[in-house]
Amino acid sequence: MNEITILKASGKTKNMHLQQRILVTGGSGFLGSHLCERLLSQGAEVICLDNFFTGSRRNIEHLLDNKRFELIRHDVTFPIYLEIDQIYNLACPASPIHYQHDPVQTTKTSVHGAINMLGLAKRVKAKILQASTSEVYGDPTVHPQTEDYWGHVNPIGSRSCYDEGKRCAETLFFDYWRQHKLRIKVARIFNTYGPRMHPNDGRVVSNFIIQALLGRDVTIYGDGSQTRSFCYVDDLIDGLVRLMGSPDSIIGPINIGNPVEFSMLELAKVILDMSHSRSRIVHRPLPQDDPRQRQPDITKAQDLLGWEPSTALREGLRKTIAYFEGLLRDPHTKDLLSESPQEMIQPSDA
Ligand SMILES: NC(=O)c1ccc[n+]([C@@H]2O[C@H](COP(=O)([O-])OP(=O)(O)OC[C@H]3O[C@@H](n4cnc5c(N)ncnc54)[C@H](O)[C@@H]3O)[C@@H](O)[C@H]2O)c1
């Protein structure tokens with residue numbers, strides 16, 4: 001909160017807290033909606049900006065009555081002027097099915113979106129946080145990945161619109177910091193899961209849960225020995241908020257994710273067990289550019305932010321499975337789940 005000093009008629013002064021006005025781009029998406037919720041619970045005024053490409057009104061419906069919450073339908077590839085103190089820049093489709101749907105627009109969202117939000121931050125002197133991704137490491141040759149690893153990225157592959165768009169956004173953030181002294185924060189987010197993930201977008205946790213709940217075959221790409229680490233959404237949001245609240249000298253990039261690794265096969269088995277499913281596990285060929293392994297080194301987040309994830313996989317999965325069971329019971333969302341899943345890619349990162 002900002003503090004202002006007011007001079008009273010008596011000549012005495014009084015310190016007052018000013019409510020922070022915070023812009024969350026991509027605020028109606030999976031992570032954005034949880035972030036809006038968290039910031040409101042901390043007393044902030046929140047402006048949620050979204051073009052609803054992958055976001056949904058359902059995710060933020062419960063916030064619409066809050067007087068401190070405002071929703072703006074807008075595309076970050078176009079400039080916008082708002083009076084705000086902080087920006088969390090989350091706008092970008094995050095799953096391969098969505099970001100490969102219109103790859104040119106994906107790069108535009110990352111690059112033009114970053115330029116527009118950085119320009120806005122510069123104009124109104126706001127602090128700005130970029131939701132970057134572990135995908136900037138590409139198919140890593142270093143394991144686990146530390147922030148000083150420059151990555152191993154294919155610039156011309158079908159995932160490049162996302163990976164390279166996010167890498168360019170990081171470049172822009174650091175150039176605005178060097179050139180314009182902007183207060184920036186860059187978080188490299190690793191695979192996150194939890195309630196409000198898209199049911200049909202091919203992310204591995206939601207795929208497995210839906211397949212298990214519907215009694216369909218659980219599809220594993222490759223032999224299932226490839227590993228991923230999964231961070232529960234509440235932990236992730238905690239990391240982002242801590243990073244934003246950290247001293248201006250802490251700019252990142254900082255890995256935010258859960259370092260505990262699971263193989264795809266282990267994950268599938270835990271989900272089948274927890275959802276009491278009788279689905280079979282089946283194997284399909286691995287997609288192009290799919291990283292074998294990805295695991296964050298979170299030493300920096302631990303040392304600088306005092307942050308580490310605290311939700312165990314089974315605890316997070318319990319809440320996520322309950323969320324999808326709810327969607328299946330609801331006549332308005334049931335169809336969404338029972339549609340046959342699109343060509344599913346087992347994404348390295350959501
Ligand atoms: N979920 C993860 O595991 C993960 C991992 C790494 C990075 N991230 C990053 O975090 C951010 C949020 O991811 P998410 O999982 O919530 O994805 P999501 O797809 O649920 O949310 C993205 C939101 O951005 C909106 N959006 C997309 N293009 C836009 C545009 N041009 N203008 C305005 N809004 C736009 C979408 O409608 C959606 O609401 C993304 O930037 C993503 O790259 C997420």
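Structure above, values below:
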| read-out | value |
| --- | --- |
| Residue, surrounded by the fewest Cβ atoms within 10 Å (Cβ to Cβ), within region 90-130, restricted to residues that are modelled with pLDDT under 95 and more than 9 Å from the ligand (Cβ to nearest atom) | His101 |
| Answer residue from region 167-189, given it is basic (Lys, Arg) and not in a helix (DSSP H, G or I) and is farthest from Thr146 (Cα to Cα) among those | Lys181 |
| Selected residue (only one of Pro195, Pro199 is modelled with pLDDT under 95, closer than 30 Å to Arg278 by Cβ, of a type outside the set (A, V, I, L, M) and in contact with a helix residue (DSSP H, G or I) (Cβ under 6 Å, 6 or more places away or on another chain)) | Pro199 |
| Residue within region 245-256 that is out of contact with any helix residue (DSSP H, G or I) (no Cβ under 8 Å at 6 or more places or on another chain) and either within 24 Å of Glu325 (Cβ to Cβ) or touching a residue at least 12 places away in the same chain (Cβ under 8 Å) (or both) present | yes |
| When residues of region 131-151 are limited to those that are in contact (Cβ under 8 Å) with a residue 60 or more places away in the chain and more than 15 Å from the ligand (Cβ to nearest atom), the one nearest to Leu118 (Cα to Cα) | Thr146 |
| Listing of strands (runs of 3 or more DSSP E) fully contained in region 1-80 that carry 2 or more residues being at pLDDT 95 or above and near the ligand (Cβ under 10 Å from one of its atoms) | 21-25, 45-50, 69-73 |
| Yes/no for Asp223 being of a type in the set (D, E, K, R), assigned to a loop (DSSP other than H, G, I, E, B) and within 16 Å of the ligand (Cβ to nearest atom) | no |
| Test result for Leu243, among the hydrophobic types (A, V, I, L, M, F, W, C), closer than 26 Å to Gly151 by Cβ and modelled with pLDDT of 95 or more | yes |
| Yes/no for Ile209 being assigned to a strand (DSSP E or B), over 17 Å from the mean Cα position of the chain (by Cα) and of a type in the set (A, V, I, L, M) | no |
| Any hit, region 81-89, residues being within 14 Å of the ligand (Cβ to nearest atom) and not in a strand (DSSP E or B) | yes |
| Residue ID - farthest from the chain's Cα centre (by Cα), chosen from residues in region 236-268 that are in a helix (DSSP H, G or I) and among the small types (Gly, Ala, Ser) | Ala268 |
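The values are calculated or read from the model by the stated rules, or taken from the named source; none is laboratory data. No experiment lies behind these values; they were computed from the predicted model shown. Virtual Cβ from ideal backbone geometry, glycine too; neighbours counted across all protein chains shown.
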